[in-house]
Amino acid sequence: MAALIWLILGVALVAAEILSGDFVLVMLGVAALGAAGVSALGAGELVSAAVFAVLALGLIVGARPALKRRLTAGQDHKSGVAALLGSTAVVVSTVDAHGGRVRIGGDVWSARSLDHSVLEPGAEVTVVEIQGATAVVLGM
């Protein structure tokens with residue numbers, strides 16, 4: 001009977017983690033499932049509670065920080081226009097304050113110079129801003 005209670009508690013805690021998203025309840029749920037397994041093997045209530053306590057502490061202190069670090073590591077990834085800012089481009093046709101063209105990665109963009117300088121083809125520039133479909137660039 002104790003194994004069934006531990007099992008129900010473990011499943012309920014893992015399911016409740018969906019609402020919290022903080023990786024505490026899932027660690028407690030896994031610890032409860034471990035205690036259910038030990039209890040199903042015939043261990044007493046005291047041993048089951050000790051297994052729960054050790055697993056819960058170990059998972060919360062050991063596994064949770066590593067798991068959170070791993071899941072939040074990709075949040076600094078930039079995409080779209082934000083990924084272009086600060087990148088290097090090559091002038092394809094003369095760029096001045098009114099227009100021109102640059103190659104950013106594999107794409108050709110319309111461009112204009114930020115400081116009103118004239119940039120000749122082949123020059124490397126830095127993308128400072130994107131205004132609509134125009135890259136605002138600065139000579140290096």
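The values are calculated or read from the model by the stated rules, or taken from the named source; none is laboratory data. Here the structure is a predicted model, which means the values were calculated and not measured. Here Cβ is always computed from backbone atoms with ideal geometry, including for glycine, and neighbour counts include all displayed protein chains. Surface areas here come from the heavy atoms of the whole protein model, side chains and all, with no ligands, DNA or RNA. Shrake-Rupley method; radii C 1.70, N 1.55, O 1.52, S 1.80 Å.
If I take R0 = 30 Å and measure r between the Cβ atoms of Lys68 and Ala133 in this structure, what FRET efficiency does the formula 1/(1 + (r/R0)^6) give, to the nearest 0.05? Provide the component values of the computation, followed by the final result.
Values: r = 39 Å, r/R0 = 1.31.
Given R0 = 30 Å and the Cβ-Cβ separation, E is 0.15.
Summing Lys, Arg as +1 and Asp, Glu as -1, what charge do residues with Cβ under 13 Å from the Cβ of Ser87 carry, Ser87 excluded?
Neighbour charge sum, excluding Ser87 itself: -1.
What is segment 1-69 by shape, rounded, prolate or oblate, if you read a ≥ b ≥ c off the alpha carbon gyration tensor as root eigenvalues and call it rounded for a/c under 1.5, prolate for a/b larger than b/c, and oblate otherwise? Intermediate results must be reported in sequence, preceding the final value.
Details: a/c = 3.45, a/b = 1.61, b/c = 2.14.
In terms of gyration-tensor shape, oblate.
Give me the accessible area per residue for the chain, probe 1.4 Å, as a whole number in Å².
Accessible area per residue, the chain: 60 Å².
PRE reach from Ile18 (point 7 Å along Cα→Cβ): which of segment 24-43 fall under 20 Å by backbone N?
Flagged as within label range: 24-33.
With each label point set 7 Å from Cα along the Cα-Cβ vector, what nm distance links Ala97 and Leu4?
8.4
With angles folded into 0 to 90 degrees, how steeply does helix 45-58 sit against the dominant principal axis of the chain? Use alpha carbons for both and round to 10.
Tilt relative to the chain: about 10 degrees.
Give, in nm to one decimal, the length gained when the segment between Glu45 and Val61 is fully stretched (0.36 nm per residue of separation minus the Cα-Cα distance). Display every interim value, and only then the final one.
Details: separation 16, 0.36 × 16 = 5.76 nm, distance 2.40 nm.
Extending this stretch completely gives an extra 3.4 nm.
For the chain, what does -39500 (n - 2.57) per DSSP helix run (n ≥ 4), summed and divided by total residues, give at 222 nm, in deg cm²/dmol to the nearest 500?
-14000 deg cm²/dmol
Measuring from label point to label point, each 7 Å out along Cα→Cβ, what is the Ser79 to Thr126 span in nm?
Each label point lies 7 Å from its Cα, and together they span 2.7 nm.
Percent of accessible area on the chain owned by carbon and sulfur, 1.4 Å probe?
About 66 percent, which is the carbon plus sulfur part of the accessible surface.
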